[in-house]
1. Being facing chain B (nearest Cβ under 7 Å), under 22 Å from residue A:603 (Cβ atoms) and basic (Lys, Arg) is the filter here; which residues of the range A:482-518 pass it?
2. Taking the residues in the range B:180-211 that are touching a Lys or Arg at 6+ places or on another chain (Cβ under 7 Å) and of a type in the set (Val, Ile, Thr) as candidates, determine which candidate is farthest from residue A:480 (Cα to Cα).
3. Before we move on, is residue A:71 assigned to a loop (DSSP other than H, G, I, E, B), surrounded by fewer than 17 Cβ atoms within 10 Å (Cβ to Cβ) and on the phi < 0 side of the Ramachandran plot?
4. Residue check: is residue B:213 at pLDDT 90 or above, of a type in the set (Asp, Glu) and within 25 Å of residue A:474 (Cα to Cα)?
5. Is one or more of the residues making up the range A:345-353 within 14 Å of chain B (Cβ to nearest Cβ) and either more than 36 Å from the chain's Cα centre (by Cα) or without any contact (Cβ under 8 Å) to a residue 12 or more places away in the chain (or both)?
6. What is the residue count in the range B:51-88 for residues that are closer than 22 Å to residue B:22 by Cβ, without any contact (Cβ under 8 Å) to a residue 12 or more places away in the chain and buried (at least 16 other Cβ atoms within 10 Å of the Cβ)?
7. So how many residues does the range B:205-221 have that are more than 30 Å from the chain's Cα centre (by Cα) and facing chain A (nearest Cβ under 10 Å)?
8. Which of the residues spanning the range B:242-263 are in contact (Cβ under 8 Å) with a residue 24 or more places away in the chain, away from the ligand (no atom under 16 Å from the Cβ), of a type outside the set (S, T, N, Q) and more than 9 Å from chain A (Cβ to nearest Cβ)?
Amino acid sequence: MKFSYNWIRELVDGLDAGPRELARLITMKTAECEGVEEAGAHLDAVSEARLLEVEPIANSHNRKVLLDTARYGRRTVVCGATNARPGLRSVYVPAGTGLGGRRIGTAVIDGVESDGMLASGAELGIDRDQAGIIELDGPFDPRPDFLIDVDNKSLTHRPDLWGHLGMAREVAAIFGRPLRDPADMSLLEDGPSPVSVDIADRSLCPRYNALVFENVTVRPSPVWLRWRLEALGLNPINNIVDVTNYIMAEMAQPMHAFDADKLQGNTIFVRPARPGEHAAALNGENYALGEANLVIADAAGPIAVAGVIGGSASAIQPASRRIVLESATFQAASVRRTSSQLRLRTDASIRFEKSQDPANTVRALARAIDLLHQVSPGIRVAGGPAGDRAAPPSLPPIELPLSWLEQKLGKSLGSGQVRDILEALGFRVSPASAGVLAVTVPSWRATKDITGKHDLVEEIGRIVGYDAIEPKAPVIAVAPPPSQPRRELLRSLRSMAAAQGFTEIYNYSFVNEEMIARFGFDPSAHLRVLNPIAAGQTLLRTSLLPGLFRNLELNSRNYSSFRIFEIGREIHPLAPGELPDEIPHLSAAVVSRDDTADGLFELKRLAECLAPGCTIEPAEARSFEHPRRAAFVISRGEAIGRLFELHPSLGLDGRAAMLDVDLSRWPEATARNVKYQPLRRYPTSAFDLSVIVGSRTPSMTIQNLLASFTGPHLVQIEYLRQFVVAEGSLSLSFRITVGAPDRTLQSEEIPAIRSRVIEGMRGLGYELRV
Amino acid sequence: MERRVSTVISDNISRLRTEALERIAAAPSMEAVDAVRVEALGRKGALAQFSKDFGKLTPEERAEAGKALNAAKQEIEEAIERRRLGFESVALAARLEAEWVDLTLPAPGTRPGSLHPVTQIQQEIEDLFLSLGFTVLDGPEVETEYHNFDALNIPPDHPARDMQDTFWLDGGLLLRTHTSPVQVRGMEQFRPPLRMIAPGRVFRNEEVDASHEHTFYQLEGMMIDRDVSVAHLLYFMKILLTSVFRREVTVRLRPGYFPFVEPGFELDIHCLICGGAGCPVCKQSGWVELLPCGLVHPNVLRLSGIDPEQWGGFAFGLGLTRLAMMRYGIDDIRLLQSGDLRFLKQF
Ligand SMILES: [Zn+2]
């Protein structure tokens, strides 16, 4: 929303702050200003001018024009506009003036020296008329202005700030200056209106007032009005429509003018649309409506979509002579729903969805009488406003205890200061009891914005200025926060993975069909995004691997070997509408161009560091896993993840070993469950054995057999090495350490154990090297 | 004149001693020294032979000769020991000299990796708030409309829903647009008094460019107690920012509208680039908008079953992504989730 600095100055008496200072104070006390821009700087240089002579130039469509300018005397310009004619009053732009990003100069055109130029309304920036040079029938008096751009988001809760009067009230309160009210209620008459209003549902339309005008002349607005609208980005159309837009920009009250002679019957209906009804709108669209949409209708059907857009059939035309001026409020939610459904956000709907003040409708009509008299001489008001004029029910006053207010702000304030601030903002204040004020909320803040004393804390705090509040430490009980073992776990896993050489990456929670197709995942097992902007965002990931795979592809271009990991959540849908299962996972990858399995063992070591005591057991490979390099990560008898090499068919350059573990099954805080074992007091002995096995026998199988044959005196068993004995057979060497907790083993016991192991293994058909 | 036996013995010892000491001194190796030792001090060595002649001496002479013999023996042994130490130190020096290694070679094994810059900032801030007695909470990335909006005083058809472009999912679910739902979950899980923070990933359905992302990171904070004021909020924000930026920062509070706080604020800090004088980064204003905050709206407390007449609180939301970008001077937000090691290895 843009605010005109000049307009605010007209409404606040004696405001002397410059536009930038004003913007700063509005930011600090009311709403965020995003910038201040100067508008119409050239208007200081231009001059009214009368065309004295207009002569054709040989072989040119241009003409030589002699001007009598009010400020610069006689000037000659070359002009191509077809409406240039002697006697016309227009606007002269002298050489040296900046206009629309260029600088007007003196030039010889078609052999004639042209000193400055005559300008169109569009070139002057006061309307959008490019058809010819501007034609004046009154004074040309627009002045340069500054536009203060306020962030719309910071006005979401303030229906009143969608007009200059509301912002002027803030400025008046900030500077302690009087506010000028542009609405003169004495202009309203009391007589009956030629039209009547029939509201089907008061909750959807709290207020609908209308005023009929006769003897209307539809024509372009005076220059000052066009300039004011154009500067704010509102397109000047004709005097009637421009007045409605002017009042919307001033008083935040959207209005609509109907051609009264185009309406069927004398009753204006405010009702839900009937099934199958359409509205042919001012923007040329034809909207299909239903019962959820509120319409304004005459006897024949809809003439406007309530609070959103007017209809084309009853629009103001140059020939319109009688008009009905609508000034109403509609339920915010209903307007918002209709506006979203029609995908049509208008200046009116944006205001109505903020809950406009019902008490403002008749005030806006009074303002319209004043303005229409200025822009349409001879216009007459026919009767008084149609529709209910009773004041809307006001909320009971809010009790504001001053001590409570001070406690919330953390600053002490005088009761007089509090009262002055509230009254400047339009609240009525009276004492309720000792130290308690009774505060009546003004109608323009009462629709939604202010409901309780907590809202008054802000009103007072912001005008006092938050910079006046000193930071203060609270007095609170000292207590350790509840422990969060899962979070601590994630943190230690991150640090360990990084210490092991892995770089942490963050991937999106989104995947798409193409990414998961490589992994053979079923799209229907994913939560779907209903309104994605980009193609990569259609599904939520049920695995970190597709995202990680993209990282591997990317980084393979720059690194021949690298290690990455991510801790993130898999999102698995449950029943429709139920929150999905979000499972934290750690996924890691080692990429190398070497033709070895070293990456897998690096990841195995990572798994062992992260989950001490975990084991790796061969697993059936999934489609994207190397068929002979896939395993489970087992912890406490439960599979908590997988270790595998990526299948070469995925097309990655080099080998990628991957680890993917479910952290919700991760053994928590292993160290805390350790029970101390007394140190061994008696010596142990060790012997080595080598077992000849087929080349695909897992060493763990052999180790487990050796351990079981060793029996109760086993202290530990260590894998030592392996070597190829012959094609298809390997020798695996182990060191077996034996001992007893309560004595030294006798010299004959150790060979006996060794023999038992050898016999046992041979009994199973294994050959041993001893 | 006949020389006395004792004199002869003593002369021989003296000669042998001198000769042995000369040979030891001249020996080229420890082996040569050891040969001298055997000849002079061995069981069948020269000195042992002299002691056989002692029988011819008077007891006085014998004592005197014994003394001379022992003195010579000790002197030779000491000389041998000195040479031995000498040879060893030369040998050690030679070995050490030969053991030169090139320590400028890279160490074997893998270089440490690194944590994501957002993780690093997040952990720092978690540590700060843990030390102030706040607990760290987690919430789901997929949320219900109730927790993301309604419970935060943003009912359906509220225009504030436009402030956050939402990714909608099957079944009426959505991707959380802020970490604020964790406030609600925190109040549901713990009763007041309550001090919590909730870092996490949030989503906005926006076009992505160098300064806009659809996925970014926030850190939500909340304190609920009997007496919580704007002054207390300012106190915690000052501590937070001093810790994050590792220096005093100038802050200002100004009104900001968020339906779940009342009063609501935007907290700005003096631009770190220009120090408040105005530069392109702060659009010449001298201030950078950093975090929204405010006193918890009584409706939010009420919706979570907390009596706003008895309890009050503050809440704030910190953009971790923004903070990481400010701290490291990252000019393209997309890099953070690019997975590009050329970027990530810098942290
Ligand atoms: Zn700056």
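The values are calculated or read from the model by the stated rules, or taken from the named source; none is laboratory data. In this text the structure is predicted, and so the values were computed from the model without any measurement. As a convention, Cβ positions derive from the backbone with ideal geometry for all residues, glycine included, and neighbour counts pool all protein chains shown.
1. A:491, A:494 - these are the residues of the range A:482-518 that are facing chain B (nearest Cβ under 7 Å), under 22 Å from residue A:603 (Cβ atoms) and basic (Lys, Arg).
2. B:208
3. yes
4. Working: at pLDDT 90 or above: yes; of a type in the set (Asp, Glu): yes; within 25 Å of residue A:474 (Cα to Cα): no.
Criteria not met by residue B:213.
5. Checking the range A:345-353: at least one residue is within 14 Å of chain B (Cβ to nearest Cβ) and either more than 36 Å from the chain's Cα centre (by Cα) or without any contact (Cβ under 8 Å) to a residue 12 or more places away in the chain (or both).
6. The number of residues fulfilling the criteria is 0.
7. Taking the range B:205-221 first, the residues more than 30 Å from the chain's Cα centre (by Cα) are B:205-214.
Adding the requirement that they be facing chain A (nearest Cβ under 10 Å) leaves B:205-208, B:213-214.
Residues in the range B:205-221 being more than 30 Å from the chain's Cα centre (by Cα) and facing chain A (nearest Cβ under 10 Å): 6 in total.
8. Across the range B:242-263, the qualifying residues are B:244, B:258, B:260, B:261.
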